Each structure stands twice: as structure tokens, then as C-alpha cells.
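These notes are about the structure you will find just below.
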Amino acid sequence: MATTEDFLSGLPADEKKVLQSFASFPDFFCVDWLNADPPSRLISVIQSLTNEGWIIPKPGNRGCYTWSSDAVRLQITDSIPPDERSRLYGNAIEMLLKHHPADEKTIPTLARLCILSGLREEGIEFILKAAVIEEQSHNLSAAIGLYDSILEFAERFFNEAERAMPDSVWRVFIKAIERRASLSLFHPSLKKLNCLLMAASGTARRFHDLKSEAFLELLIGQNNWMYFQYREAVQHFNRGWDLIEQLEDEELHRWGLKVQGLTYIIQGQFFKAIEVYEQSLGELDSADNSEFFQLVALNLAICYALVGMPQRGLGITETIQNLCLKYGNLPLLSYALVTAGIILLEIKQLRGSRSNFEKAIELARRENVPMMEVLAGMGLASIECQEGNFSLAAEHYKVLWKIRKSSWYHILNYYALLDTGYILHAKGVSPVDLKPVFEFLEHLDKEDVNPLMYGMIQRLKLGLPENKSSTAEKIVLLGELEKTVERMGASFELARIRIELARLCKQTGDWPGAEGYARKAYEFFSPIAADCFPPDLQHLVAQEKRNQDERLFDMVIEMGEALTSQDNIEKLLTNIITSISRLTGSERAALFIKSEPPADLIMVASRNIFQEEVRGAAFENTLRRIHAAAHSPDGKIVQYEAGGTRPGDFRRVIITPLKLGNERIGVLYQDSRFFSFDLGPNTIKLLSAFASQIAVSIDRAKAYDEISKLNKKLTQENLYYIEEMEGLQPFGEIIGVSDGARILHQMIRKVAPTQSTVLIHGETGVGKELIARAIHRESPRKDGPFIRVNCAALPETLIDSELFGHEKGSFTGALKTKEGRFELAHRGTIFLDEVSELPLPTQSRLLRILQEKEFQRVGGTKTLHSDFRLIAATNKDLNTDVAAGKFRNDLFFRLNVFPVFVPPLRERVEDIPHLAMHFLKLYCSQSKRDYPGIPESEMKKLQAYAWPGNIRELSNMIERAVILGGSTIRFPDLEHRPAKSSTDHRGIKLKDMEREHILEALKNTGGKIGGTDGAAERLGLNRTTLIYRMKKLGIRNERRLSVLDETASS
């Protein structure tokens, strides 16, 4: 066989070009794709390559060949000049797209060619798709390489100020950084990713992509957490959660709850972390195939161990291991094995821990997952330390060099592995200089880390050779740490502190103190991790075994609390399954309830058991036993030993029938390798009693749910009644059933048939114009015009012209004669809104026209007559304006012949559901959306709000809610707005109240007046009207600089 160099030198120039074209296809090529003149050249090259054994025919594809050795192909391509090579790769892309569909088989090849030809904008879509395909196939190294190539391409734009990155590239970049950062726990690159994540977050904000922005904030938080920047991590996690709460995305909400659990872990609030994690699961545990959030779940599994529930944590790791095996996700499997190894290390099950770490190392090396190899190696080092093999531990500890030093910080987040470095340093055998790490930890403030981490650092520091504290000083320090850690609920660390205190007390001869601390540590370890209690303290607790009855008493109290919550069946089931798992130490638990027909059993609540698993062949034998227990006439608890999912994995199974009187309504299933109690006669009796109480509680909760459904049905019927009543009301637009609405109806009926002037009093947005129109419609003038004039919106210089008209040439700009509003209102009604804003000269002319029904146009001499009816409206106290000389006394009496007072919406609470449903139907019709109603909880928010903008504000809010959409109508704005004030406003002037409302609206909008969510929209006013009122009330608008900046940038 010739060398590649000899083969190339022996080819004619034209055949060499054909060969180079073939070599530009990295996977396979077809002879038909290439043109050569004459075709014999193609055949000659193919024969030569076949003879050398460098290519082989592709089965099932005539004329197609694959390279038998990529090394030979690369030698050929290396001999091609760079520009020519790039051109050939570009041609290969065109050929592949022309002859093959872009599918999961060809996209990775296209992506590879795009990179080889020199990455350009048109190629990054292929690379992103290829990266996702590789990630879904769990080829993380390949996926990360492709994601990194996109990020490097984007960085070129960042470094070239004169070139802006197109939006299409930004969107690909955001997706790439999301995926790459979510894999950081496998392949950390913390410094680089942080800058890119911040850039992506800013761009998602610019695109108004809330979902991406929320996810990016979570990823930035994860990056900060891995970098041991706890404060920054919490800030970003909280920001991400705030964004999630604005979205109607149930899946993202559940993910957010899991990440919120991680936030609480960082803060040292371990029980709170567990609480929100359990909330994220709901009543049924379900398979979540998102890698990022399974990683979060694994960190929460360690949290369970920290607070003394290692069985629950092991259950989570086993569940994720089974998922990984099912879907072939070997990198995640390595992390699940590491997590299980850490938990088993905590409870000193060293054999099982070693097995998990060794499997994890094997997988991590095979799948190229450096962080998992490091964590597993450090776990093995910790085991060797506990067994006294310090030299072997040091060998394992060298694994640290597999990752960058900047990623070492992340190791500190694994509390169980923290001891190892201190022990090796103290023994003088550490292969890594850890003094810089210890100095870093030494200078951390309490605020920089959570109390558990701070306490562990202080405890471990006492064992270093450099520490010169006296025994008494160590007892004082550890005593303070004991109180802090006890408040947190970090039970394992608390027990370790007490063991150290017991040893120190022995050294000082304080035997009562030593016995007290040893007994407390023993009481914690004995039911769940007896091997953790040290032999050198056993003599202090020989007679101190805790009374089993005390343990059972605690179980009764906690289970009783779990069963008291009967808001709904879902919450009850969640409480039951969560509490029973915690109390008994079960790794897996499930509630099975009989359905219709009674022969069927349905899993209604579970922890670490999925529906898919129950239906699988591996669970078949267990399911038969569950059915037998559920239908057994004696109702006895079933116990047996069962093999686990892996060799040598045996666990205890307990199946407890749920009895309701003489009926069996279902069973409680539990299994564990490490139950936290002895299954003696008393415990069996207690489990039977628990089962009966669970059955009664479920029965009651079902009844409660039925009542809730009936109430919901009644509410819907009431809404239907409201709609029917609206149709029967005499004035369809004036909606309401309150006393205020009823009085308005009566007054309209009385005054409409007359010719009397009407003055309508009421706040802004109460519907004064609707009242005026209703009076007009019910009057004899209903066939005449209805002319509306907003006096506040007319400039003083033009108001006379608008009301009375003007002659041609009467002033600059009067190019033709114009009829005034009073002329237009002949034989109809004229409505003067905000009449209090008329200037005094205009008030005089208005008084004359009211008395005589005669007027003259501006600049005219001819007296004109108009037969009109006047209705005026005001939102001010005209008596006050009369007293101040701002309004003519005689005009006031002419207008106030028949006053109508419209109450504000806050005084018509019972009308709000009717008005809300009216506006909902209106805007759903306009937007072509369908909402059957408004949830009761949201309706209560509407009724609790003060409504300074009255009905107009309510209308605007419902319109906005319909436009924003979502699964149900929601009003998130109301959560940040003040509810109705109980303050008595009787001594406050109307204008002062108006001023206060406007200032509050400006404050809430950052000084923004117009546009979406501006002060005008919130108050239910036109922008020009609000500006005029601000001027009248002497309100200056000083917008914040940030608001101006936002406007300028947009």
C-alpha cells in the first residue's frame, strides 16, 4: 500500500482535483454528485482509492462510498491550500443539500462542513441543530464542541465594534448559550460563560422574550453558585423566579420551583428547599427529561441527606439512574451515581458508596465528563481517608488536575467531600497545595456563604496543624456553631459537631457534657446511620438507646399535622406521601386507590415511582402483591424482601391496606434499604392506624372536592343570571345592581322626558357621558344630534370659536365660516363635559345662551337661534369654585337645575362582577378570544382594589388582560397596586384627592404619562386631558433618568 504522499504525487493534476473533491466529504460521497470531463477520470480515481482500501462501497446506495480511514482523508485535505479547501467544503455543503434532505443523519455532517469551510452566518443554524441532536443522543463532548463554535463566532462580533450582530444570529446565540451553560456541571467553563450569559440576557430583554430571559437568569445563578458566589447566585435565581411568575407556563413554573429549592440550599434554608421541591412534584412524581432540572433534583437529593432523610435522597438518585438507563443518558447517569455515592458516604455505607463512585469514574472517562470524574475521584479519596489509607487517598485526590483551577470552587458545594482536603493537609500527604484554598475560605465573611458551609469551615479549621486554639476555645466556638446549625436543620453536620464536642469534653474531664453531646449524636445516627457513630464514644451511650415509643410518638404528631390540610384532594395526597416518606425513611412510596370499576387500582400520589414504571414489566410482580393486599379480606400489612434494580441491591417492601370501615379503598406502598425504624408489633399497629386515618382523610377530601365543584357550578349559574339581568336592564350601558345604580336608573327615567338642564357630578371615569347619552336616548330629542364637548381639552383661545362658531376672516386662520357646537345641537342635546374648566368670559356667554337660546358667532353680528337641551358634567366641587371666584354663581344655579350624583366604583363593589363580565365579553369578541369567566380569586382582587380611575380603569385593565392572554384571565397588576383605603376622606377636598391620585399614578409609572401602562391609561384618561389637569393642579412631572434612557434607547 502506497503512502498518501506517494499516491498524491503519482496522480495527474486533473485526477488530483477529483480526489480533493471526494476528500471534502467527511462521511460519504456519491460519484453522481460530481462532474468530470471525461467521466473516466472519476472512475479512475474511484478504482485507485478502492485498490488502496481507503474507500468502501456504501451498502444499499449504488455509486456511493465511505472513507475507511479518516486519517487518510485528512492527509489529503491537509495538502490542499486553505482557500481552495474552504471552497471545496462549501461545494460539499451545496451537494449534500441538493441530494439529501437536511435530517438528523445529514445535519451533523453539514455542521461539520460549515465549521471546516469557515463559519459564516448562514451556517450557524445547522450547527445549533447538530448540537441539539448530539445532546439529545447524549454525546455531550460533541454537543459542547458545536455550542462553543457558535459562541466563538458570536464573540467575533463582540470584538468588532463596527459590526453589529444581526437579530437572527442573536437568537441562535441565545439558544446556544442556554444549552451550553446548562451543561456546565459536566464541562465547566465558568469565567467565559458568565460574560456570554449576561450578553444573552440583555438581548432576550430587548427581544421581550420573557421565557428565555427567565431561563438565562437561572443559568447565570447556577454559574455564580458553581463559582462559589452565593450572593450573586441568589440574586439571579430570585430574578429568574420573578420572571417565571409573570408567565403562564406551568412547566417553567415547576422548573422554577426546583431551582428555587437550590436557592434555599445556597441560603442554608434546607427544609424550605425541600418544601418547594415537593411542591414542584405535586401529588404524582413524574419523569422530567430536562437535563438541567434533573441536575437540580440531584443537588436537592443531597439536601435530603443533610437534614437526616438520606433514604429520600437515595430514592431520587435511583429514580434518575433508571431514567438515564432507559434513555441512554450516560453522562447524567455518572452524576446520579456520584450523588448516590455522596449520600451513602454520609451514612457510612462505604461499600455501596465505593461501588457508585467507581462506576461513575468509569462512565465519566468513557463519556469525557471531567467534573464527574473529579467528584467521583474525590469521593474515593474520602472513603480511603475514613479507612485510614491516606496514601491511596492522596492518589485519588490528584484527579483535581482534570479541571481548571477556576472550577475547583465548585467542589466546595459538595459538603460531604469538604473534609477530605483538610484531612490530607493535616496528614501532610495532600498532592495539591491547598493553602491558597484554605486562605480563601478563611477570609470568607458569614454573608458570603450559607451558615452550614461557614460552620463546616470553622469546624474543620480546628483540626489543621496551624490552628493553635486551646481546648476551651474550641468548645466555645463549637458550642456557638451547634446553635446556628441546629436552627438550620442540618442534622448530619449538627451530629458531627456534637461528636467533636463530646471528645473535647472528655479531654477536659467534663463527663456529663461528653455524655450529653454523645447521646444527642447517637439518637440522630442510630435509626438511619448507626455506623456513623464513632467507636471511641460508644461507652458513653451504652445504656442510652432511645425509647422506640418516643420515636413512634413523634410520628403520630407529624402525621396528624399532615392529615389536617384538606383544602383539596391534591394537596392532601401531596402532604400524605411527603410526610410518610420522611417519617418512615422510605426511598420510594406510592398511594394506590381503587377506581371504577373497583377491580382497578390507580396510583394517585408517589415519590420516586413514575406511572411508566408501574406499567413496566419490572414492577409486574410488585403490582400483583399490591392488588392482593388491596382486596385481601383480613387487611393485614404485607412485608417482604425484594431484589433491587441492580445486582446485590435488596430492600424491604411494606404494603399497608387503607381501611375505611370494612372497606379497602387502596394501599400505601413503601420500599427502602434503610427504613428509619424497627418493624416491631407496635410499629405495625401504628402503620395500620395511620392507614385508617389516611383512608378517612381521603374520603373527606373527596367530599370537600365535590362541594367545591358544586360551588363552582353555582358560581357559573350566577354569572349566567348576571348576563340575563343585563339584558333586562332599562339602560343597557349603565350596568349594575347596587343601590347607586338603581337610583341612577330612577333619576334618568324622571328627568329624561323633560327639557330641564342636568348637571352630572362624579369622579373621573365613572361614566358621566354614558348617563348623558342615556338621558338623551330616553328624551323626545332622541332622533336629534348628541353633541359632546370636552371643555378641558379646548385651548382658551379657541373655546369660544368651538362653542359658538366663527365667521370667515374673524381671526388669523379663520379661512371659512364654521358652525359652533350649539348650532350643531339644534333640536338635540349638547353635553358639556368638565364644564368647570370654562374660562370666566366663556361662562358669561354660556349664561346668555342658556337664558335666551340666542348667540352670535365669533366675529359675526347676526344673532342666531338654537333649540337645544344642555347637559353638563363636572368632577369638581363647583360650590368651592364659586366661593373662590373661579365659577359664576348665576351660571352654577342655571346648570344645577337637576343634579345627578354618580357614585365612584369603590362604593359600588357589588357592581364590579357585572361590569367585569360585560367588558370581558366585549373585548373577547373584539379580540376573537374565548374566556368563559373570571376566576373567583381574580374577581376578589377586582373587588378589593380602590379604582381611582373608576369604570374606565376597570375597562382598560380587562382589555389588557384579554390581549395578554393566558390559560385564564389574570390581573397581575393588582398585586402591586394599593387596595381600598379605609381612611376617611370626608375632610379632604376633591381637587386634593385628584392631585393625590395623579401623583400616585405618576409614581407607579416612573413619570410615564402616555402609551401602554402610562399614568393616563391607568387613570382611564386621554393623555391630553391628564396633561391639562396636571397643569391646573400645579403638578410638575420629573421623570426618572432611567425612564428617559429607556425611551431614548427604544
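So is Ser391 buried (at least 20 other Cβ atoms within 10 Å of the Cβ) and among the polar types (S, T, N, Q) or not? It is false that Ser391 is buried (at least 20 other Cβ atoms within 10 Å of the Cβ) and among the polar types (S, T, N, Q).
Yes/no matrix, rows are residues, columns are (1) surrounded by fewer than 15 Cβ atoms within 10 Å (Cβ to Cβ); (2) of a type outside the set (Phe, Trp, Tyr); (3) in contact with a helix residue (DSSP H, G or I) (Cβ under 7 Å, 6 or more places away or on another chain); (4) more than 19 Å from Gly740 (Cα to Cα):
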{"position": "Gln926", "(1), (2), (3), (4)": "yes, yes, no, yes"}
{"position": "Tyr931", "(1), (2), (3), (4)": "no, no, yes, yes"}
{"position": "Leu942", "(1), (2), (3), (4)": "no, yes, yes, no"}
{"position": "Arg952", "(1), (2), (3), (4)": "no, yes, no, no"}
{"position": "Glu959", "(1), (2), (3), (4)": "no, yes, yes, yes"}
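Within the range 92-132, restricting attention to residues that are without any contact (Cβ under 8 Å) to a residue 60 or more places away in the chain and either at positive phi or polar (S, T, N, Q) (or both), the residue that is surrounded by the fewest Cβ atoms within 10 Å (Cβ to Cβ) is Gly118. Under the condition of being part of a helix (DSSP H, G or I) and surrounded by 17 or more Cβ atoms within 10 Å (Cβ to Cβ), the residues counted in the range 45-60 number 4. If you check Ser927 against the conditions, is it polar (S, T, N, Q), in contact with a Phe, Trp or Tyr (Cβ under 8 Å, 6 or more places away or on another chain) and either in contact (Cβ under 8 Å) with a residue 12 or more places away in the chain or not assigned by TED's automatic domain parsing to the domain that holds Glu994 (or both)? It is false that Ser927 is polar (S, T, N, Q), in contact with a Phe, Trp or Tyr (Cβ under 8 Å, 6 or more places away or on another chain) and either in contact (Cβ under 8 Å) with a residue 12 or more places away in the chain or not assigned by TED's automatic domain parsing to the domain that holds Glu994 (or both).
Please tell me if Lys474 is under 22 Å from Phe533 (Cα atoms), more than 40 Å from the chain's Cα centre (by Cα) and of a type in the set (D, E, K, R).
In short, yes.
Does Glu104 fit the bill of being of a type in the set (Asp, Glu), closer than 25 Å to Ala130 by Cα and in a helix (DSSP H, G or I)?
Details: of a type in the set (Asp, Glu): yes; closer than 25 Å to Ala130 by Cα: yes; in a helix (DSSP H, G or I): no.
When the stated conditions are applied, Glu104 does not pass them.
Here's a check for you: in the range 662-686, which residue that is at pLDDT 70 or above and small (Gly, Ala, Ser) is surrounded by the fewest Cβ atoms within 10 Å (Cβ to Cβ)? That would be Ser672.
For the range 184-215, the set of residues classified as polar (S, T, N, Q), in a helix (DSSP H, G or I) and closer than 18 Å to Phe237 by Cα consists of Asn194, Ser201, Ser212, listed by residue number. The single condition from (1) touching a helix residue (DSSP H, G or I) at 6+ places or on another chain (Cβ under 6 Å); (2) within 16 Å of Thr757 (Cα to Cα) that Leu870 fails is (1).
Please verify whether the range 23-37 includes one or more residues that are under 58 Å from the mean Cα position of the chain (by Cα), touching a residue at least 12 places away in the same chain (Cβ under 8 Å) and farther than 22 Å from Ile93 by Cβ. Checking the range 23-37: not a single residue is under 58 Å from the mean Cα position of the chain (by Cα), touching a residue at least 12 places away in the same chain (Cβ under 8 Å) and farther than 22 Å from Ile93 by Cβ.
Given the options Arg519, Arg498, Arg487, name the one that is surrounded by 20 or more Cβ atoms within 10 Å (Cβ to Cβ), basic (Lys, Arg) and either part of a helix (DSSP H, G or I) or free of Cβ contacts under 8 Å to residues at least 40 places away in the same chain (or both). I'd like the intermediate steps shown before the answer.
Values: Arg519 fails: surrounded by 20 or more Cβ atoms within 10 Å (Cβ to Cβ); Arg487 fails: surrounded by 20 or more Cβ atoms within 10 Å (Cβ to Cβ).
Sole residue among the options that is surrounded by 20 or more Cβ atoms within 10 Å (Cβ to Cβ), basic (Lys, Arg) and either part of a helix (DSSP H, G or I) or free of Cβ contacts under 8 Å to residues at least 40 places away in the same chain (or both): Arg498.
Scanning the range 923-955 for residues that are within 15 Å of Asp911 (Cβ to Cβ) and touching a Gly at 6+ places or on another chain (Cβ under 6 Å) gives Asn950, Ile951, Arg952, Glu953. Quick one: is Pro38 buried (at least 17 other Cβ atoms within 10 Å of the Cβ), of a type outside the set (Val, Ile, Thr) and in a loop (DSSP other than H, G, I, E, B)? For Pro38, the condition - buried (at least 17 other Cβ atoms within 10 Å of the Cβ), of a type outside the set (Val, Ile, Thr) and in a loop (DSSP other than H, G, I, E, B) - is not met. Looking at Glu570, Glu587, just one residue is in contact with a Lys or Arg (Cβ under 7 Å, 6 or more places away or on another chain) and either among the aromatic types (Phe, Trp, Tyr) or modelled with pLDDT of 60 or more (or both), and that residue is Glu587. Among the residues of the range 123-138, write down those that are of a type in the set (Val, Ile, Thr) and either within 14 Å of Leu151 (Cα to Cα) or not in a helix (DSSP H, G or I) (or both). The answer is Ile124, Ile127.
Which ranges mark the strands (runs of 3 or more DSSP E) fully within the range 850-889 that have 1 or more residues being touching a Lys or Arg at 6+ places or on another chain (Cβ under 9 Å) and among the small types (Gly, Ala, Ser)?
Details: elements: 854-856, 863-865, 868-874.
The strands (runs of 3 or more DSSP E) meeting that bar are 868-874.
Restricted to the range 26-35, and to residues there that are surrounded by 14 or more Cβ atoms within 10 Å (Cβ to Cβ) and of a type outside the set (Asp, Glu), the residue that is modelled with the lowest pLDDT is Leu34. When Tyr414, Tyr409 are screened for being surrounded by fewer than 20 Cβ atoms within 10 Å (Cβ to Cβ), aromatic (Phe, Trp, Tyr) and more than 23 Å from Glu466 (Cα to Cα), only Tyr414 passes.
Taking the criterion of being more than 34 Å from the chain's Cα centre (by Cα) and of a type in the set (D, E, K, R), would at least one residue in the range 371-378 satisfy it? Give the derivation first.
Taking the range 371-378 first, the residues more than 34 Å from the chain's Cα centre (by Cα) are 377.
Adding the requirement that they be of a type in the set (D, E, K, R) leaves none.
Within the range 371-378, none of the residues are more than 34 Å from the chain's Cα centre (by Cα) and of a type in the set (D, E, K, R).
The C-beta contact set for the range 764-790 (first residue assigned by TED's automatic domain parsing to the domain that holds Thr1025, second residue in a loop (DSSP other than H, G, I, E, B) and surrounded by fewer than 22 Cβ atoms within 10 Å (Cβ to Cβ), distance under 7 angstrom, 6+ apart or interchain) is empty. Applying the criterion of at least 3 residues that are hydroxyl-bearing (Ser, Thr, Tyr) and at pLDDT 90 or above to the helices (runs of 4 or more DSSP H) found wholly in the range 276-381 leaves 330-346.
Does any residue of the range 375-386 turn out to be in contact with a Gly (Cβ under 8 Å, 6 or more places away or on another chain), more than 28 Å from Ala590 (Cβ to Cβ) and either crowded, with 18+ Cβ neighbours inside 10 Å or charged (D, E, K, R) (or both)? Yes - at least one qualifying residue is present in the range 375-386.
The values are calculated or read from the model by the stated rules, or taken from the named source; none is laboratory data. Every value quoted in this text rests on a predicted model; they were computed, and no experiment measured them. All Cβ positions, even for glycine, are placed from backbone atoms using ideal geometry, and neighbour counts span all protein chains on display.
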